[in-house]
Every structure is written in C-alpha cells, then in structure tokens.
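The values are calculated or read from the model by the stated rules, or taken from the named source; none is laboratory data. Please read all numbers here as calculations on a predicted model, not as lab measurements. Neighbour counts are summed over all protein chains in view; Cβ atoms, including those assigned to glycine, are modelled from backbone coordinates with ideal geometry. Just so you know, the surface numbers come from the protein's heavy atoms only, side chains and all, with ligands and any DNA or RNA stripped out. Shrake-Rupley method; radii C 1.70, N 1.55, O 1.52, S 1.80 Å.
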Amino acid sequence: QVQLVESGGGLVQAGGSLRLSCAAPGLIFSIAAMGWYRQPPGKQREQIARITSGGTTNYADSVKGLFTISRDYAKSTVYLQMNSLKPEGAGVYYCATGAGSRTSWGQGTQVTVSS
C-alpha cells in the first residue's frame, strides 16, 4: 500500500472554486496513474478524473469542463482544480492509485457546497 495524503477540502459557496491536492511521497510517482474519486452522502464512490503517467486525462461527464486534474512530478503531487462547484458536488473526495486489490486510497477530504 502507498501512502496518499489529500488536502484542500472545505466549505465553498455554489459557483466557487477549490483546489484539492494529493501528495504521494512514497510512490514511484512518475510511472503511476492517479485518480480522483467523489463519494456524495449516501451514495457510492465514483471516479471523476484520472491522469496517466504521461499526463493524459479523462473525466466523468458530470465534471467535464468544470474540473481539471494535473500533476507535479517534482512534488509527487496530483491536483484537482474544481470550478463552478454545485451543491451536488459535495462529498468526500479521495485520490487513489493502482487497480483492483492493489488500489491505494487516501484518507479523503470533505467538500461542502452551500447553496
């Protein structure tokens, strides 16, 4: 398992922005694909953004054009810039790397969006 540490969550008004960070100090970051997931209250966790080791990005339809995933290889950190947040964007946000039983998760960071 790899240690992943998220930060940057908080309370934001609808229409506002937040930037989440996920540090991966023990990971061979340069070869790892990284993903951001969201778990709304009472719902299942879903992947919303992914970035490959080469920087190719993919987004869930619900966040396309609103969220941007990026990575800083020197800092072994992946970011999620969230713009125009909506109340339905609230939940716990997790970063992850790996696949299946080898997936490593961060502890999550709470995002609350007030209307």
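Within the range 31-48, the set of residues being surrounded by 14 or more Cβ atoms within 10 Å (Cβ to Cβ) and small (G, A, S) comprises A32, A33, G35.
Among the residues of the range 67-83, not a single one is closer than 20 Å to S115 by Cα, small (G, A, S), open to solvent by 20 Å² or more (accessible area, probe 1.4 Å) and at pLDDT 95 or above.
Identify, from the list I28, I51, the residue that is within 25 Å of A74 (Cβ to Cβ), open to solvent by 90 Å² or more (accessible area, probe 1.4 Å) and not polar (S, T, N, Q). Explain how you work it out, then say what you get.
Numbers: I51 fails: open to solvent by 90 Å² or more (accessible area, probe 1.4 Å).
Of the residues listed, the single one that is within 25 Å of A74 (Cβ to Cβ), open to solvent by 90 Å² or more (accessible area, probe 1.4 Å) and not polar (S, T, N, Q) is I28.
The residues listed here are A60, A14; of these, the one that is in contact with a Pro (Cβ under 8 Å, 6 or more places away or on another chain) and either buried (at least 17 other Cβ atoms within 10 Å of the Cβ) or modelled with pLDDT of 95 or more (or both) is A14.
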